[in-house]
Amino acid sequence: MDREIFAVEVLQCVERGLDAHGPSIKHNVYWKLLTEFNMRPTDIVDNPKMFVQVLDTMFGAGAVLIERTIAKELISRFEISMSTSRISKALRVAKESYSLEAPMITS
């Protein structure tokens with residue numbers, strides 16, 4: 001899995017996690033990321049803490065539920081054998097397992 005594919009997989013997890021909390025959540029979060037933090041959704045992969053900060057700003061105590069849902073999506077997709085409700089921790093473990101995978105051999 002190369003870096004671009006990894007990023008797409010992470011973003012799909014983020015989107016599923018956001019969508020689980022209502023149809024407009026994803027749009028509103030992405031808009032806030034872009035307009036107030038100059039971040040694109042693709043930046044979440046490298047800066048999950050800022051993403052969580054945006055969730056905290058927008059949703060207060062409710063951000064914990066959204067973060068937990070996204071962390072569960074990451075754990076499921078990347079088959080992480082740990083339990084966490086933190087996006088940054090789940091993403092760090094996913095990156096570690098991604099970098100340890102053997103490269104694909106093509107003929």
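Which is over 18 Å from Lys95 (Cα atoms) and of a type in the set (S, T, N, Q), of Asn47, Asn28?
Numbers: Asn47 fails: over 18 Å from Lys95 (Cα atoms).
Residue meeting the stated conditions: Asn28.
Can Ala71 be described as within 11 Å of the chain's Cα centre (by Cα), modelled with pLDDT of 95 or more, part of a helix (DSSP H, G or I) and hydrophobic (A, V, I, L, M, F, W, C)? So that I can check it myself, show each step before the final result.
Working: within 11 Å of the chain's Cα centre (by Cα): yes; modelled with pLDDT of 95 or more: yes; part of a helix (DSSP H, G or I): yes; hydrophobic (A, V, I, L, M, F, W, C): yes.
Yes: the conditions hold for Ala71.
Each row is one residue, and each column tells you yes or no for (1) over 23 Å from Asp2 (Cβ atoms); (2) surrounded by 15 or more Cβ atoms within 10 Å (Cβ to Cβ); (3) at pLDDT below 95.
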{"site": "Leu55", "(1), (2), (3)": "yes, yes, no"}
{"site": "Phe78", "(1), (2), (3)": "no, yes, yes"}
{"site": "Thr84", "(1), (2), (3)": "yes, yes, yes"}
{"site": "Tyr98", "(1), (2), (3)": "no, yes, yes"}
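So which of Leu18, Leu65, Leu11, Leu74 is out of contact with any Lys or Arg (no Cβ under 7 Å at 6 or more places or on another chain), surrounded by 19 or more Cβ atoms within 10 Å (Cβ to Cβ) and not small (Gly, Ala, Ser)? Quick ask: steps written out before the conclusion?
Values: Leu18 fails: out of contact with any Lys or Arg (no Cβ under 7 Å at 6 or more places or on another chain); Leu65 fails: surrounded by 19 or more Cβ atoms within 10 Å (Cβ to Cβ); Leu11 fails: surrounded by 19 or more Cβ atoms within 10 Å (Cβ to Cβ).
Result: Leu74 is the single residue among Leu18, Leu65, Leu11, Leu74 that is out of contact with any Lys or Arg (no Cβ under 7 Å at 6 or more places or on another chain), surrounded by 19 or more Cβ atoms within 10 Å (Cβ to Cβ) and not small (Gly, Ala, Ser).
The values are calculated or read from the model by the stated rules, or taken from the named source; none is laboratory data. None of these values were measured; they are calculated from a predicted model. As a convention, Cβ positions derive from the backbone with ideal geometry for all residues, glycine included, and neighbour counts pool all protein chains shown.
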